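The values are calculated or read from the model by the stated rules, or taken from the named source; none is laboratory data. No experiment lies behind these values; they were computed from the predicted model shown. So basically every Cβ, Gly included, is an ideal-geometry build from the backbone, and we count neighbours across all protein chains shown. The area values use the complete protein model at the heavy-atom level, side chains included, leaving out ligands, DNA and RNA. Shrake-Rupley method; radii C 1.70, N 1.55, O 1.52, S 1.80 Å.
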Amino acid sequence: MINIFDSHAHYDDEAFNEDRDKVIEELKEMGVIGVLNCGASFDGTIQSVELADKYDFFYAAVGIHPEHAEDFNDDVLGKLRLLAKNKKVKAIGEIGLDYYYEENPARDIQKKVFRAQMNLADELKLPVVIHDRDAHEDTLSILKEFPQVNGVIHCFSGSVEFARECLKLGYYIGFTGVVTFKNAKKIIEVVKEVPLSRMLVETDCPYMAPTPYRGKRNRSDYIKYIIEKIAEIKGVTEEEISKVTIDNTKKLLNIY
Ligand code: NI
C-alpha cells in the first residue's frame with residue numbers, strides 16, 4: 001500500500017452526507033495520510049474548517065470559488081481572515097476564474113474577488129489553491145500581479161506552454177483522475193513536462209474519479225490510480241511518486 005496526500009478535496013459536499021465519517025475513517029486505513037479540504041462556498045469553507053478540527057489528518061483551505069463570486073463582500077473577507085487564524089487552515093482557496101458556464105458571475109466580478117483573496121493570502125502569508133477553467137490568460141496575468149504569493153494550479157487543464165508559465169512563477173501543478181482517462185492526451189504531455197518536484201495529486205472529490213471509477217463518486221484512496229499512471233509516464237516507481245507528492249504538498253502547506 002502506498003501513502004497518499006490528497007491536495008484538493010470537498011468532503012463537505014452533499015455527496016458524502018450519508019456516510020461521511022465512515023468514508024473518512026476508511027481513508028486512513030487505505031494509506032491516506034493527509035487531505036486538504038477546500039472551501040468553495042462560504043458554508044463549505046466553514047465545513048472545511050470543521051472537518052479539519054475533527055480529523056487529525058485533515059487540513060482546510062478557506063476561500064470563495066469564482067462561481068460564488070457574487071456572495072463575496074467585505075464581511076465575508078473579514079470572516080475568512082478570522083477563520084484563517086485556525087492552525088489547521090493551510091491555504092486560501094479555492095479561488096480563481098471560471099469562464100466555462102455562461103451563467104457564472106461576470107468576469108469583472110470574478111477578477112475583483114480573485115484579487116481580493118490573493119491580497120488576503122499575501123497578507124496572511126498563506127499559499128493559494130487556484131481554480132482556472134477556460135480562463136488561462138486572465139488567471140496568469142493576475143498571478144503575476146502577486147509574485148510573492150505561491151500555490152497550486154489545481155485540476156490543471158491547460159497546455160504544456162501554460163504549465164511552463166505557471167512553473168516559472170513558482171507554482172505547483174495539481175493532477176486529478178483526468179490523467180487516467182482513455183482519451184487523455186494534453187494532460188499526459190503536461191505530466192511529461194512538469195518536474196517531480198512541482199507535482200501534487202488530488203481528487204477534487206466527489207468529482208473527477210479516475211479510471212476504473214470514472215463517473216462514480218470519487219474518494220482520496222483512488223489517488224493510487226493517478227499515482228500509478230504518473231509513475232508509468234515518468235518511468236519511476238509508484239513509491240517515488242507517492243513520496244515526492246507528499247513532500248511537495250507538505251512543503252507548500254507548511255506542514256511538518
Ligand atoms: Ni475543487
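Just checking, which of TYR101, TYR59 is at pLDDT below 95, open to solvent by 30 Å² or more (accessible area, probe 1.4 Å) and either of a type in the set (Phe, Trp, Tyr) or under 14 Å from HIS154 (Cβ atoms) (or both)? Step through it out loud before you land on a result.
Values: TYR59 fails: at pLDDT below 95.
So the residue among TYR101, TYR59 that is at pLDDT below 95, open to solvent by 30 Å² or more (accessible area, probe 1.4 Å) and either of a type in the set (Phe, Trp, Tyr) or under 14 Å from HIS154 (Cβ atoms) (or both) is TYR101.
Quick one: ASP53 ticks every box in (1) assigned to a helix (DSSP H, G or I); (2) within 16 Å of the ligand (Cβ to nearest atom) bar one, so which box is it?
All conditions pass for ASP53, except number (2).
Would you mind telling me which numbered condition in (1) under 14 Å from the mean Cα position of the chain (by Cα); (2) on the phi < 0 side of the Ramachandran plot GLY96 fails?
Failing condition for GLY96: (2).
Quick check on the range 9-30: of everything there that is touching a residue at least 40 places away in the same chain (Cβ under 8 Å) and assigned to a loop (DSSP other than H, G, I, E, B), which residue is least open to solvent (accessible area, probe 1.4 Å)? Walk me through it before giving the result.
Applying the first criterion (touching a residue at least 40 places away in the same chain (Cβ under 8 Å)) to the range 9-30 yields 9-11, 13, 15-16, 23, 26-27, 30.
Right, trim to assigned to a loop (DSSP other than H, G, I, E, B) and you get 10-11, 13, 30.
Working: HIS10: 17, TYR11: 0, ASP13: 35, MET30: 81 Å².
This residue is TYR11.
Among VAL179, VAL244, VAL191, VAL236, which is the only one that is more than 16 Å from the ligand (Cβ to nearest atom) and surrounded by fewer than 16 Cβ atoms within 10 Å (Cβ to Cβ)?
Values: VAL179 fails: surrounded by fewer than 16 Cβ atoms within 10 Å (Cβ to Cβ); VAL244 fails: surrounded by fewer than 16 Cβ atoms within 10 Å (Cβ to Cβ); VAL191 fails: surrounded by fewer than 16 Cβ atoms within 10 Å (Cβ to Cβ).
The conditions single out VAL236.
Restricting attention to the range 62-97, and to residues there that are part of a loop (DSSP other than H, G, I, E, B) and open to solvent by 10 Å² or more (accessible area, probe 1.4 Å), which single residue is nearest to LYS28 (Cα to Cα)? So that I can check it myself, show each step before the final result.
Filtering the range 62-97 down to residues part of a loop (DSSP other than H, G, I, E, B) leaves 63-65, 72-73, 84-88.
From what's left, open to solvent by 10 Å² or more (accessible area, probe 1.4 Å): 65, 72-73, 84-88.
Working: HIS65: 28, PHE72: 35, ASN73: 37, ALA84: 25, LYS85: 26, ASN86: 23, LYS87: 21, LYS88: 18 Å.
In this case the residue turns out to be LYS88.
Going by the conditions given, is ASP6 within 16 Å of the ligand (Cβ to nearest atom), in contact (Cβ under 8 Å) with a residue 24 or more places away in the chain, of a type in the set (Asp, Glu) and in a strand (DSSP E or B)? Give the derivation first.
Details: within 16 Å of the ligand (Cβ to nearest atom): yes; in contact (Cβ under 8 Å) with a residue 24 or more places away in the chain: yes; of a type in the set (Asp, Glu): yes; in a strand (DSSP E or B): yes.
Here the answer is yes, as ASP6 does meet what is asked.
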